[in-house]
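First the structure, in the form of structure tokens, and then the observations on it.
The values are calculated or read from the model by the stated rules, or taken from the named source; none is laboratory data. This is a predicted model, so every value here is computed, not measured. No Cβ is skipped: glycine too gets one built from the backbone with ideal geometry, and neighbour counts run over all protein chains shown. Accessible surface is based on the protein model in full, side chains and every heavy atom, while ligands, DNA and RNA are left aside. Shrake-Rupley method; radii C 1.70, N 1.55, O 1.52, S 1.80 Å.
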Amino acid sequence: MKRRDFIQLAGLGTGAFMLPGLAMGRNVAPEALLAPGLDVAVKKRLADAALNAAKAKGASYADVRIGRYLNQFVVTRENKVQNIVNTESYGVGVRVIANGCWGFAAVVDAKNEAQMAKAAEDAVAIAKANSKLMKEPVQLAPQKGFGEVSWKAPIKKNAFEVPIQEKVDLLLAVNNAAMTNGANYVNSVMFQVNEQKYFASTDGSYIDQDIHRIFPQFNVTAIDPKSGKFQTRNALSAPMGMGYDYLQTNPSDKVTGITTRYNKGYDMLEDATSAAQQAKEKLTAKSVEAGKYDLILDPSHLWLTIHESVGHPLELDRVLGYEANFAGTSFATLDKWQSKNFQYGSKEVNLVADKLQVGSLGAVGWDDEGVNTKKWDLVKDGVLVNYQATRDQAHIIGEKESHGCSYADSWSSVQFQRMPNVSLAAGKTPLSVEDMIKDVKKGIYIIGDGSFSIDQQRYNFQFGGQLFYEVKDGKIVGMLNDVAYQSNTQEFWNSCSQVCDDRDYRLGGSFFDGKGQPSQSSAVSHGSSTTRFNGVNVINTARKI
Amino acid sequence: MAILTKEEAKKIIDKVLAYSKADEMSVGLSGSRTGNIRYARNSVSTSGETTNLSLAVTAVFGKKSGTSTINEFDDASLEKTVRRAEEIAKLAPDNPEYVPMLGPQKYLDINSFSESTAGITPDYRAQAAFDSIDPCVKKNLTAAGYLEDTTGFSAIGNSKGLFGYNKSTSIDFSITVRTADGKGSGYAARDFNDASKLSAKSATEVAMQKALASSEAKALEPGKYTVILEPTAAVDLLQNMMGSMDARNAEEGRSFLGKKGGGTRLGEKLFDERVTIYSDPQNLEIPGSPFGGGGGRFGGGGSDGRPQEKVVWVEKGVVKNMYYSRYWAEKKGVKAIAPPSGFIFEGGTQSLADLIKGTEKGILVTRLWYIRAVDPQTLLYTGLTRDGTFYIENGKIKHPVKNFRFNESPVIMLNNLEAMGKPMRASGNLVPPLKIRDFTFTSLSDAV
């Protein structure tokens, strides 16, 4: 599913129609989302049928993914429920290596051994056909089998167990809070996802995993009819690898300041109230004067800059040219990494890949090719030290094992290299946001993510935001509007001068990161503390039409 | 099996409707076969083929609706799906914006099906990849490309007697060619309903020429330049504008078509008087779907059964129409014009070469990339040039230039129109190459 489809479904785009029948699986009754999937013993039997058939046809390696993907979306605007969608998609994908080449086949609703064997045989036939055009055979990094194991996201409350009415009531209360605080329009949505994935391979792994994600989001619009101007403010929530517990708030989950931000619990009502007031405030905020500013970037904003300027360029498949026709290649070429002195950022900059982080979107026990997940450095003390790799790429960067970065968005999609959580490590010296601001003479404090764009090699980027505050001589003096900053990845990260300590560390993330042809979606988190970048170019985006 | 005839589809839909106990019921039945081949580094990376046949049933009680989908077609499964849709509907909250279903409609005759596309085999795709990779290997260039073909049908019906059926095919091809040293990159993209119109080889040759010609690009200062946007570049900005012509957003005051003091800019001259944009589902080069209303690319998935027809959106620079949901049109007492499935931008007769010849100083843009909205009020977008950007002087391409980031609104751009060429198909639309003055480039990019 493409991000655009999600946005239209959510009514967050323009001219959205709420229609079912999306390519996410079949529409089902909400109770079906709680029905148990196949028993693990049945899944093992099915998986073995495919693995054996693949081997019998001459495959040197095979893996099977038996996947059940469940989604629930609740979509509202103002005082109306616009749509409630419950979908389920079940099927099997079989991937093999035969004659040194990958082959893949998928089958919907596979429930017996004959279907499994047929899919495996099809995959082998495709591998053999493709091997005629092959230049170099696949080299898989070794991976030990784990036997029969399982992993379950550490959620406290399964979102699918919460009655729909409760979610509807919450969203309508959120909308009401926005409307009574000055919004002219409000759209809100609750996305909930559960991936039940079973993986088996000829390496001897049988891995059962249960993954949950949630994303509450809204968009508030305030209009000044006299001038015909309108402004919006999106939720400061983050998509999380959590259950409904993300919506149970504790005071300790709140970060107070110029506006309240949230950590592991999100107070949607409170945020909608602020959003409506701030959208109105934006209507009369001062238009920014273009020029160089020190930027103070909140984690609710910085996650997206990390995602685009660090996460994507360090995907090894991009670096090698596999994404050249669509997403592009990367400036972070192998020679830069080999030099061991490529200064990606200043010494303050430590960027870490992490598939273990609790509550994050990327956390799993094993990836989609049976590799146990881990944490590793990408940029250490400013220097580029590593990439993100899968089993068939590890040898290219001299690694003996995969990083565990393989993911497919459906049983019907072939798995490939996807971004792990990539985060900026918190500063080691104690530093609060207030202390950071005190030192800034001419700056802009940015909260929330907005417009984003970056070139196909990830050099030049431009980012907007939700809230912009002018900082003068160590103090926040008021709200700004029409702000976007432009920079070059290496220049930007080398202008990083201070990172707040881990008391301020929070996750942001993308629920719909697109990559590949045909396009696949994945979800990934990016953590950071508030960070300062010196002398960044800010443009004014106001225009008249 | 995946591609049913009109009669086969009608038989299934009638059977489903006969099971209905709901106040209203609609059925959507669609099937497709999609094949693709992807290559990079001069080698095939993935290829595959998938078929799909699925049925969606929507049951309505009062203002409550529920949908259930299935891909099994025995009588018991069909009946079960109807019952499930009815159960879901009964549990759903009222939708105050529900509009009763349409009765029988008259649909335009549209031919969007081509036997040559429907007959594509894995061998055809492999040959296309070979035709694209082989010339690149011979010139020490690196090819990365993607081809996808789809043959499908879509049928709709409801308990008020509406029925529609359409069969269509499409093929999309795109190719990026890079020089071995990574200093040059070229791109070409083609899309058709009829695969016999596609030559992967000639599209690849265009990308190869651009890759070779774009090496050793020189940096120009960012600023306002006269540009020639090839159709592949212009289409992205125009599509974004067409996707923002929803009437409700405009009337609610949150669109570029909203007006100071309330109301919309319908009837106002917003663009250069040479700008005329319309949609025509019967256009032979971009045949659309006979039914829309959600089925259009600008409106999401599915269809509410509204007939697609010829609509003029902008005429001689004046905004003539916006599109509506059926609910909003009823509330406003106007015709519920459906969003289009593609648009036609009337152009001139000049070729791209003629436009270049007539340019004293300017920049030729092959492709735009990573376009994102910056301000929905002014339709300001940012993005970058990519895969072939050249400096034109005295009617000739002088040298390649480094890529730029732009910040520009299609509304401003279509007021700064200098000249237009002959329209070409691009992403399912007909778009001319556009010569625009004062196009705003705000920074340089090192990306190749």
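Just for segment B:374-388: of the residues that are open to solvent by 10 Å² or more (accessible area, probe 1.4 Å) and over 17 Å from B:R265 (Cβ atoms), which one is farthest from the other protein chains (Cβ to nearest Cβ)? Here the residue is B:Y381.
If the condition is being away from chain A (no Cβ under 14 Å) and among the basic types (K, R), then segment B:187-206 contributes B:K197, B:K201. Among the strands (runs of 3 or more DSSP E) confined to segment B:345-415, the ones with at least 1 residues that are farther than 14 Å from B:T226 by Cβ and among the hydroxyl-bearing types (S, T, Y) are located at B:361-375, B:380-393. Looking across segment B:228-283, just one residue is free of Cβ contacts under 8 Å to residues at least 40 places away in the same chain and more than 8 Å from every other protein chain (Cβ to nearest Cβ), and that is B:G263.
Screening A:A41, A:A49 for residues that are of a type in the set (G, A, S), more than 10 Å from chain B (Cβ to nearest Cβ) and over 18 Å from A:V108 (Cα atoms) leaves exactly one candidate, A:A41. Filtered by the rule that a residue be modelled with pLDDT under 90 and either under 20 Å from B:V60 (Cα atoms) or in a helix (DSSP H, G or I) (or both), segment A:20-51 gives A:P20, A:G21, A:L22, A:R26, A:N27, A:V28, A:A29, A:P30, A:E31, A:A32, A:L33. Evaluated against (1) in contact (Cβ under 8 Å) with a residue 60 or more places away in the chain; (2) away from chain B (no Cβ under 14 Å); (3) crowded, with 17+ Cβ neighbours inside 10 Å; (4) farther than 30 Å from A:D245 by Cα, A:N112 falls short on exactly one condition, (3).
State whether the residues of segment A:350-364 include one that is among the β-branched types (V, I, T), closer than 23 Å to A:D203 by Cα, open to solvent by 10 Å² or more (accessible area, probe 1.4 Å) and not assigned by TED's automatic domain parsing to the domain that holds A:I214.
Filtering segment A:350-364 down to residues among the β-branched types (V, I, T) leaves A:352, A:358, A:364.
Right, trim to closer than 23 Å to A:D203 by Cα and you get A:364.
Retained after the next criterion (residues that are open to solvent by 10 Å² or more (accessible area, probe 1.4 Å)): A:364.
Applying the additional criterion that residues be not assigned by TED's automatic domain parsing to the domain that holds A:I214 yields A:364.
Yes: one or more hits.
Just checking, how many residues over segment B:356-373 are under 30 Å from B:S255 (Cα atoms) and either of a type in the set (V, I, T) or away from chain A (no Cβ under 14 Å) (or both)? Explain how you work it out, then say what you get.
To start, the set of residues in segment B:356-373 that are under 30 Å from B:S255 (Cα atoms) comprises B:365-373.
From the residues that got through so far, the ones that are either of a type in the set (V, I, T) or away from chain A (no Cβ under 14 Å) (or both) too are B:365-366, B:371.
Matching residues across segment B:356-373 total 3.
Filtered by the rule that a residue be assigned to a strand (DSSP E or B) and surrounded by fewer than 20 Cβ atoms within 10 Å (Cβ to Cβ), segment B:426-439 gives B:R437, B:D438.
Please go through segment A:220-252 and pick out each residue that is within 14 Å of chain B (Cβ to nearest Cβ), polar (S, T, N, Q) and open to solvent by 30 Å² or more (accessible area, probe 1.4 Å). Working first, answer last.
Just the residues of segment A:220-252 that are within 14 Å of chain B (Cβ to nearest Cβ), to begin with: A:220-234.
Checking the rest, the ones that are also polar (S, T, N, Q) come to A:221, A:227, A:231-232, A:234.
Scanning segment A:220-252 gives A:S227, A:Q231, A:T232, A:N234.
Quick check on this structure: which one of A:K197, A:K226 is closer than 30 Å to A:R543 by Cα and either of a type outside the set (S, T, N, Q) or in a loop (DSSP other than H, G, I, E, B) (or both)? Walk me through how you get there before you give the answer.
On the way: A:K197 fails: closer than 30 Å to A:R543 by Cα.
Result: A:K226 is the single residue among A:K197, A:K226 that is closer than 30 Å to A:R543 by Cα and either of a type outside the set (S, T, N, Q) or in a loop (DSSP other than H, G, I, E, B) (or both).
Here A:N494 meets each of (1) closer than 24 Å to A:Q217 by Cβ; (2) touching a Ser or Thr at 6+ places or on another chain (Cβ under 6 Å); (3) more than 12 Å from chain B (Cβ to nearest Cβ); (4) open to solvent by 10 Å² or more (accessible area, probe 1.4 Å) with one exception, condition (1).
Of the residues B:V311, B:V318, the single one that is open to solvent by 10 Å² or more (accessible area, probe 1.4 Å), at pLDDT 95 or above and farther than 23 Å from B:S427 by Cα is B:V318.
Within segment B:71-186, which helices (runs of 4 or more DSSP H) (wholly inside it) include 1 or more residues that are within 11 Å of chain A (Cβ to nearest Cβ)?
On the way: elements: B:75-91, B:115-118, B:122-138.
Of the helices (runs of 4 or more DSSP H) lying wholly inside segment B:71-186, those with at least 1 residues that are within 11 Å of chain A (Cβ to nearest Cβ) span B:75-91, B:122-138.
In the set A:G58, A:G15, only one residue is at pLDDT 90 or above, in a loop (DSSP other than H, G, I, E, B) and more than 25 Å from the chain's Cα centre (by Cα); that residue is A:G58.
Conditions (1) more than 30 Å from A:C101 (Cα to Cα); (2) open to solvent by less than 30 Å² (accessible area, probe 1.4 Å); (3) without any contact (Cβ under 8 Å) to a residue 12 or more places away in the chain; (4) under 33 Å from the mean Cα position of the chain (by Cα), marked per residue:
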site: B:T46; (1), (2), (3), (4): no, no, yes, yes
site: B:T50; (1), (2), (3), (4): no, no, no, yes
site: B:L55; (1), (2), (3), (4): yes, yes, no, yes
site: B:S65; (1), (2), (3), (4): yes, no, no, yes
site: B:E72; (1), (2), (3), (4): yes, no, yes, yes
site: B:T81; (1), (2), (3), (4): yes, yes, no, yes
site: B:A85; (1), (2), (3), (4): yes, yes, no, yes
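For segment A:384-420, filtering for residues that are open to solvent by 10 Å² or more (accessible area, probe 1.4 Å) and among the small types (G, A, S) leaves 4.
Residues satisfying the criterion are absent from segment A:477-485 (criterion: within 30 Å of A:S274 (Cα to Cα), open to solvent by 10 Å² or more (accessible area, probe 1.4 Å) and of a type in the set (F, W, Y)).
The conditions of being outside the structural domain of A:A275 (by TED's automatic domain parsing), at pLDDT 95 or above and touching a Ser or Thr at 6+ places or on another chain (Cβ under 7 Å) are not met by A:T429.
Exactly one residue out of A:V433, A:V379, A:V440 is away from chain B (no Cβ under 14 Å), in contact with a Phe, Trp or Tyr (Cβ under 6 Å, 6 or more places away or on another chain) and open to solvent by less than 30 Å² (accessible area, probe 1.4 Å), and it is A:V379. Look at A:Q466 and say whether it is in contact (Cβ under 8 Å) with a residue 40 or more places away in the chain, surrounded by fewer than 23 Cβ atoms within 10 Å (Cβ to Cβ) and within 14 Å of another protein chain (Cβ to nearest Cβ). Yes. Scanning segment A:327-348 for residues that are closer than 30 Å to B:S174 by Cα and among the hydrophobic types (A, V, I, L, M, F, W, C) yields A:A327, A:F331, A:A332, A:L334. Scanning segment A:422-459 for residues that are closer than 19 Å to A:Y262 by Cα and within 23 Å of the chain's Cα centre (by Cα) gives A:S423, A:L424, A:A425, A:A426, A:I446, A:I447, A:G448, A:D449, A:G450.
Can A:G516 be described as within 14 Å of chain B (Cβ to nearest Cβ) and in contact with a Gly (Cβ under 7 Å, 6 or more places away or on another chain)? Judged against the criteria, A:G516 is not a match. Answer yes if at least one residue in segment B:37-45 is farther than 30 Å from A:L320 by Cα, at pLDDT 90 or above and more than 9 Å from every other protein chain (Cβ to nearest Cβ), and no otherwise. Checked against the condition, which is being farther than 30 Å from A:L320 by Cα, at pLDDT 90 or above and more than 9 Å from every other protein chain (Cβ to nearest Cβ), segment B:37-45 yields no hits at all.
Selection of first residues in segment A:155-174 that are open to solvent by 40 Å² or more (accessible area, probe 1.4 Å) and of second residues that are of a type in the set (V, I, T), restricted to Cβ pairs under 7 Å at least 6 apart or on distinct chains, gives the following pairs, ordered by first then second residue: A:L172/A:T76.
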